[in-house]
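Taken together, the values in this text are just the output of simple stated rules run on the coordinates, not laboratory data. Treat the numbers as computed from the prediction; the structure is a model and nothing was measured. Cβ placement follows ideal geometry from the backbone for every residue including glycine, while neighbour counts extend to all protein chains displayed.
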Amino acid sequence: DTAVSQTPKYLVTQMGNDKSIKCEQNLGHDTMYWYKQDSKKFLKIMFSYNNKELIINETVPNRFSPKSPDKAHLNLHINSLELGDSAVYFCASSQGAGGYEQYFGPGTRLTVT
Amino acid sequence: AQRVTQPEKLLSVFKGAPVELKCNYSYSGSPELFWYVQYSRQRLQLLLRHISRESIKGFTADLNKGETSFHLKKPFAQEEDSAMYYCALFNTDKLIFGTGTRLQVFP
């Protein structure tokens with residue numbers, strides 16, 4: 001009955017590889033987000049989708065491509081991974097795109113070697 | 001530019017002491033402000049938001065537009081309050097987070 005789930009929890013991979021992180025929410029929310037938390041714990045929005053439509057794309061390299069097959073899922077695909085991509089990636093969802101409470105997933109710790 | 005500042009990276013207090021986690025913002029207009037908390041090994045979750053004006057787990061936060069602040073306060077800290085606290089500002093369509101303050105409450 002987890003509200004927002006992410007897989008995998010941990011991801012260790014080499015530079016240059018392509019990887020995906022999956023996110024699912026069972027709250028019936030319309031809006032989903034991807035955040036990146038760096039080593040200093042700074043949390044920054046990357047993308048937001050509302051009803052499967054991209055509404056926020058924050059100066060993120062083209063190597064990052066979100067995909068929302070339906071309202072309950074928002075996946076993040078990363079091409080040609082770089083050392084600087086190492087971080088914890090959080091998925092979140094909210095009832096709508098306004099100032100609603102956001103519900104966060106447990107995070108995916110990505111380590112690029 | 002809209003910004004949220006949390007000047008303290010780490011705040012350490014003893015159990016029973018008062019706590020104040022500082023948050024200042026820059027925003028033109030009426031801000032929507034939040035405090036999110038992340039306990040050890042748990043996910044980030046909403047603690048409180050200024051429009052609800054409620055006390056959660058003994059914490060309160062008052063919006064001071066004159067000082068552009070939204071400090072989080074608790075009169076008597078508990079060990080279980082130890083966590084990472086993020087102040088956040090809702091701007092148009094996204095949350096802008098501060099850099100976070102780690103609160104350590106010693107027994």
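Structure above, values below:
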{"read-out": "Listed residues A:N51, A:N75, A:N17, most fluctuating in chain A (Gaussian network, C-alpha, under 10 Å)", "value": "A:N17"}
{"read-out": "Formal net charge of residues neighbouring B:K22 (Cβ-Cβ distance under 15 Å; K, R +1; D, E -1)", "value": "+1"}
{"read-out": "Amide H contacts under 5 Å for A:I55, placed H, 5+ residues apart", "value": "A:S48, A:Y49, A:N50"}
{"read-out": "Mean shadow area of chain B over all directions, Cα convex hull, nm²", "value": "6.5 nm²"}
{"read-out": "Cα-based Rg / Dmax (Å) for the range B:41-81", "value": "11.7, 37"}
{"read-out": "HN-Hα J in Hz across the range A:62-67 - Karplus 6.51, -1.76, 1.60, θ = phi - 60°, x for Gly and Pro", "value": "4, 5, 9, 9, x, 9"}
{"read-out": "Max mean-square fluctuation residue, GNM over chain A, Cα-Cα springs under 10 Å, options A:M15, A:M46, A:M32", "value": "A:M15"}
{"read-out": "Within the protein assembly as shown: Cβ-based charge dipole about Cα centre, in debye rounded to nearest 20 (Lys, Arg +1; Asp, Glu -1)", "value": "360 debye"}
{"read-out": "Alpha carbon Rg of the range B:1-56, scaled by the compact-globule rule 2.2 N^0.38 Å", "value": "1.32"}
{"read-out": "Relative contact order %, chain B, counting alpha carbon pairs below 8 Å whose residues are six or more apart", "value": "39 percent"}
{"read-out": "Compactness relative to 2.2 N^0.38 Å, alpha carbon Rg of chain A", "value": "0.99"}
{"read-out": "Within a Gaussian network of chain A (alpha carbon springs, distance under 10 Å), most fluctuating of A:D30, A:D70, A:D85", "value": "A:D70"}
